[in-house]
1. Hey, any hits in the range A:755-764 for a residue that's loosely packed, with under 13 Cβ neighbours inside 10 Å and either more than 17 Å from A:VAL712 (Cβ to Cβ) or hydrophobic (A, V, I, L, M, F, W, C) (or both)?
2. Right, A:LYS497: over 27 Å from A:ASP614 (Cα atoms) and open to solvent by 10 Å² or more (accessible area, probe 1.4 Å) or not?
3. Among the residues of the range A:513-544, which ones are without any contact (Cβ under 8 Å) to a residue 60 or more places away in the chain, within 12 Å of RNA strand B (Cβ to nearest atom) and not hydrophobic (A, V, I, L, M, F, W, C)?
4. So in the range A:824-849, with the set limited to residues that are open to solvent by less than 60 Å² (accessible area, probe 1.4 Å) and more than 43 Å from the chain's Cα centre (by Cα), which one is nearest to RNA strand B (Cβ to nearest atom)?
5. Please enumerate the residues belonging to the range A:549-558 that are part of a loop (DSSP other than H, G, I, E, B) and within 7 Å of RNA strand B (Cβ to nearest atom).
6. Out of the residues in the range A:619-650 that are more than 11 Å from RNA strand B (Cβ to nearest atom) and not in a helix (DSSP H, G or I), which is most open to solvent (accessible area, probe 1.4 Å)?
7. Which one of these is polar (S, T, N, Q), over 20 Å from A:GLU639 (Cα atoms), surrounded by fewer than 19 Cβ atoms within 10 Å (Cβ to Cβ) and within 14 Å of RNA strand B (Cβ to nearest atom): A:SER792, A:SER781, A:SER771?
8. So which residues in the range A:690-720 are within 13 Å of RNA strand B (Cβ to nearest atom) and either within 30 Å of A:ILE671 (Cα to Cα) or at pLDDT below 90 (or both), if there are any at all?
Amino acid sequence: MLDKRYDPKKVEEGKYENWKKEGYFTAGDLSKLPFSMVIPPPNVTGKLHLGHAWNTTVQDITARYKKLKGFDVMWLAGMDHAGIATQAKVEEKLRKEGVSRYDLGREGFLKKAWEWKAEYADNIHKQWAKMGLMLDYSRERFTLDEQLNKAVLHVFKTLYDKGLIYRGERIINYDPELKTALSNIEVEYSDDPGKFFYFKYPIVGTNDHLVVATTRPETMFGDTAVFVNPKDERYKHLIGKTVINPANEEEIPIMGDEYVDIEFGTGAMKCTPAHDPNDFALAKKYGMKFIKCMDLEAKMNENCGKYKGLDRYECRDALVKQIEKDGRLIKIEDIVHQVGHSERSHCVVEPMLMKQWFVKMRPLAEQALNKSEVNFVPERFNHTFRQWMENADDWCISRQLWWGHRIPAYYNKQTGDIIVSETPVTDPNYVQDEDVLDTWFSSALWPFATLGWPEETPDFKRYFPNSLLVTAYDIIFFWVSRMIFDSLEFTGESPFKDCLIHGLIRDSQGRKMSKSLGNGIDPIDVIDKYGVDALRYFLTTGSAPGQDIRYIEEKVQASSNYLNKIWNSARYVLDIVGENFKESDIKFDELKPLEKDILVKMNKTIKSVENYMDKYEYSMASTYLYNFVYDDFCSNYLEMSKVALNGDDENYKNIVKSILVNILKNIIIMIYPFAPFIGEELYLALPTHLKSIMLESYPVAKKYDEKGLEEVADFYKMITDVRNYKVNNKLAPNYKLNLVVVYKDKKPFDGIDTYLRRFTFADKIEITKDSNSKGMKFVYSALTLYIDDSISEEDLKLKKEKDKAFLEAEIARCKGMLNNPNFVNKAPKEKIELEKQKLAQFEEKLKNL
RNA sequence: GGAUGUUUAGCUCAGCUGGGAGAGCAUCUGUUUGACGUACAGAAGGUCAUAGGUUCGAGCCCUAUAGCAUCCACCA
C-alpha cells in the first residue's frame, strides 16, 4: 500500500544507484537501432545551476523516451576542463593560500589543477545522480583525457598542414588580469560610463591647431597619425601636414581616409595601430609603424616616458592633467560607450598587437554553410548559426595559460623554425610553445573525439553522427557552430542530425540569474523542497520551444501537486485491485459506453503525446497528458468506475479493474520520462511489472470505433449542468432533485440512472422516450434532461430565452457561412459538412426547446 | 546600423498546417463525496499591443507603427 502522501525524498531514495548498478544506463544492445547524444560537458569549475538542470533534463527525457521506444540509447557523460575558467578559480584559491602559479611552476600548478578537477568532478557526479540522468558512465570522457588530447593534436597538425591554422601578429583581445589572449566571442560588451577628451593638436608650421577627441588618452603614446575624411571640407586642406601629439610632443602626419566618420566627435581621429583593430587595419593599408605602449599587465611601457610602469588608468589621469596644464585640454564630455570585458575575469580587455595562433575561418565557414545538414529545432536557430558563420573572423586559439592542451608547435632555438608534431619533439634544439589551446578547440571535437575518433572504433561507427544535441541558444556560436565545421572538415559529416535549442532560465522578474545580483537558485535547494521530479516537470513544460523561462517557485509547487495527483490515483487504483490482481482481456466491442469512452480518450492521448514527444515538444506532450489525467481519468472515469465496482457483476468488475490498471500503467509510463523517480515507484507497485520501468515499452495507440459515444458526452454534460443548476439556485451540492432523461430512438446505456444518482444526488430519476415534464430543460445531442424542481416560471422563461438566443445566434452564424457562395466554393468539404451538421443540430435543439 | 524573439485573463505563460480563446497561480462561492484539502464542485475574469491588408473566415499569414527583451556589428 502506498503512503497517503507523495513524499519525493522517500520515492527518490536508492533508485538511481539501482538503475546504475543494473547497467540500464549502458548502451550497446546491437539488436536495436542506436540513438546517441553527448552531454554538453559542464565546466569543472563549480556547482551546476538551474540552466544545467534544464538542459540535462531535456536530454534525459529524450533518452528515457527513446529507450521506451526501443532504441539503444547512448548518452555519453563527460566534462570540460574549461581552460580559462578553471585556471582562474585555481589561481584564486592559490592566492588565498598566499602562492602564485609562478611559485609552483607549470608542473606544480597542473597538479593543483588536477586536484581541483577531481573535487569538482565529484560534485558534478553527485548532482547528475540527484537529477536522475541516465548517462552512460562507461563511456565518460574528460576533455583533457589522453584520447581526446590525441584527437586535438591530430586536428591541430592537420589544419596547420593545410594552412588553416597559422601563427600571426594581429590585434587580439587581451585580458590583463588573467594575462591571456581571448577570442572575439569571449569578450562581452556593456554600456559603461566614460569620458570623451577633446585635445588641441598644434599644426606644425602654423599657429592653428586641430581638435582630436578620444576616450583613451593613454594610448596616445602609440599614435602614429591623425586621420580625417578627405571629403571633410573643414580638414581636407590639412592632409599632408603634421601635428604635435600632445602626449609626447612627437610630430605625426595628418592623413586622409574615408573610414573616418565626419559626423563623429570632431571628425579628426587619432590612430593607434597597435591597440585598436580598426587603426591596425588603417596602418596596414598605409604601411605605418606599430607602436605598443603597454606591457602584458596593461601597464605603460618604455614608449611612454615618465608614465612607464603606471597602470593604464593611472596613466590616463596623469596624462590628462599634464595636457590640461599645457593648455591643450578643451573639454571633457561624459559619455556612455560600449566597453569590452573579459567573459571570465570581467576586467576591461585591452586590444593588443601580439603574435598568436589562429584558425583561418573562411574555408571552414564556407564548408559549414554549404554542407551542414544539422536540423535546428526550432528552425529559426539555423539563421543564428548561418549568420554567425557568414561573419566569423579568424579564431584566436592560443591562450597564455597552463591548464589545457599544450600547443604542439616547437621552435628551433637558433633559427626560429616551427615544427608542428603530434608526437613530442625531443630534439634539444627545439622548445615547445608555452601556450595552450582555447577550451573550445577541444570541445569542438566532442561529438566524435569522445567516441574514439580518429580511430574507426566500433562506438564511432555506431554512434556517430549523434542523433541529437541539446543546448541553449547562447552557446550556438561558442560550440555548436565549431562542432559543425570541425566535424564536416574531419569526418565529412554533420556532427548530429538534430540540434534542439532551448532558452535561458531567469529569475521571477525576468532578470538573468547572476552572482552579482544574488538571484541565483540552487537546484539542490529546490529538489530538497519539492523533489527532483517536480523540478524536472517544471523545467520542461509550460514553455514554448526556444523561449526563456522564469523560475517561479509556485510553478514547481504546482508540478508537485500534479505528481501527487497521479500518486493518489495510483494509490486508489492499486488499493481496489489488490496485490494479486490478474488482469482480464479487454475486448473493446464488449465494453459498456463509459469504458469505451475512456479507452478512446486514452488512445487519443497516447497518440498526441507520442506525436509531440517525437518532435521534442515536451511542453505540448505534457499538456495533453495533463488534461487526460485530470479531467478524463481522475475527475470523470475514476469516479464513474466506482459505480461498476459497487455493482454485483463480478465479471465486469474485473474488466473495470483491468481497465483502471491498464490506464494507470500507461499514464505512469508516459509521465515517467519527465518524472522518472515517481514513475519507477508507481510502476513497481503495479500488480504485474518488469524489474524496472526502464525495461518497459511505450504504449501503442489503438484506434477504436467511436460510434454511439455521444451519449457519454451528453451524460458528462448533464452532471455539470445539474451541479451548475444547484450553484445558481443556491442549493446544497447534495440537494436531492428529480431528473427526467428523455431519449429519441435508443435507450441510453444501462445504469445511467445509477450513475446520475451518485454524481448529482438525484432522488427520483426517470428514463423515458416522452415526457411532459415542466422542469428546466437541457437539450444535448442524443439526450434531453429535465430538472424537476420547484422552479419559478420566471426562471424557466429566462433559461429558455437564454438558450433560444444562443441557438439563434449559432444558427445565424452557420447560415451566414453556408449561404455565402464563396465559403461553399472555397472552404474544404469537411468544414462545410461540419457546419451543415452543426446547423441541423442547432435547429433540432431549437425545435425541442 | 543589422538580426531574432516577444506583446493573449490580475500574474506567469500555452495556443499544432488559418475554421468558435486555454492552463497554472491568484480571486470569489460552496464541500469532512468512501484516492488525493498538495483535494473536490462551480464562478468570475480577455478589443489576443495598435493601424491597415490578404482571405469565405485571422490570435495565427502580409505590411507598417509602438513597447519590451536578446544577439551581432560599429563607436576615434
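1. Start the filter on the range A:755-764 by keeping residues that are loosely packed, with under 13 Cβ neighbours inside 10 Å, which leaves A:763-764.
Cutting the leftovers down to either more than 17 Å from A:VAL712 (Cβ to Cβ) or hydrophobic (A, V, I, L, M, F, W, C) (or both) gives us A:763-764.
Yes, the range A:755-764 contains a residue that is loosely packed, with under 13 Cβ neighbours inside 10 Å and either more than 17 Å from A:VAL712 (Cβ to Cβ) or hydrophobic (A, V, I, L, M, F, W, C) (or both).
2. Values: over 27 Å from A:ASP614 (Cα atoms): no; open to solvent by 10 Å² or more (accessible area, probe 1.4 Å): yes.
Here the answer is no, as A:LYS497 does not meet what is asked.
3. If the condition is that a residue be without any contact (Cβ under 8 Å) to a residue 60 or more places away in the chain, within 12 Å of RNA strand B (Cβ to nearest atom) and not hydrophobic (A, V, I, L, M, F, W, C), then A:SER514, A:LYS529 are the ones that fit.
4. So in the range A:824-849, the residues open to solvent by less than 60 Å² (accessible area, probe 1.4 Å) come out as A:827, A:832, A:835, A:839-840, A:842, A:845-846, A:848-849.
Remaining after also requiring more than 43 Å from the chain's Cα centre (by Cα): A:839-840, A:842, A:845-846, A:848-849.
Working: A:LEU839: 9, A:ALA840: 12, A:PHE842: 7, A:LYS845: 11, A:LEU846: 13, A:ASN848: 17, A:LEU849: 16 Å.
For the range A:824-849, the residue satisfying everything is A:PHE842.
5. Taking the range A:549-558 first, the residues part of a loop (DSSP other than H, G, I, E, B) are A:551-552.
Answer for the range A:549-558, where residues must be part of a loop (DSSP other than H, G, I, E, B) and within 7 Å of RNA strand B (Cβ to nearest atom): just A:ILE552.
6. Across the range A:619-650, the extreme among qualifying residues is A:ASP648.
7. On the way: A:SER792 fails: within 14 Å of RNA strand B (Cβ to nearest atom); A:SER771 fails: within 14 Å of RNA strand B (Cβ to nearest atom).
Exactly one residue qualifies, and that residue is A:SER781.
8. Keep residues of the range A:690-720 that are within 13 Å of RNA strand B (Cβ to nearest atom), which gives A:715-720.
Matches in the range A:690-720: A:PHE715, A:TYR716, A:LYS717, A:ILE719, A:THR720.
The values are calculated or read from the model by the stated rules, or taken from the named source; none is laboratory data. All values derive from a computational prediction rather than experimental measurement. Quick reminder, even Gly has a Cβ in these numbers, built from the backbone with ideal geometry, and neighbours come from all protein chains shown. All accessible areas refer to the heavy atoms of the entire protein, side chains included, with ligands and DNA or RNA removed. Shrake-Rupley method; radii C 1.70, N 1.55, O 1.52, S 1.80 Å.
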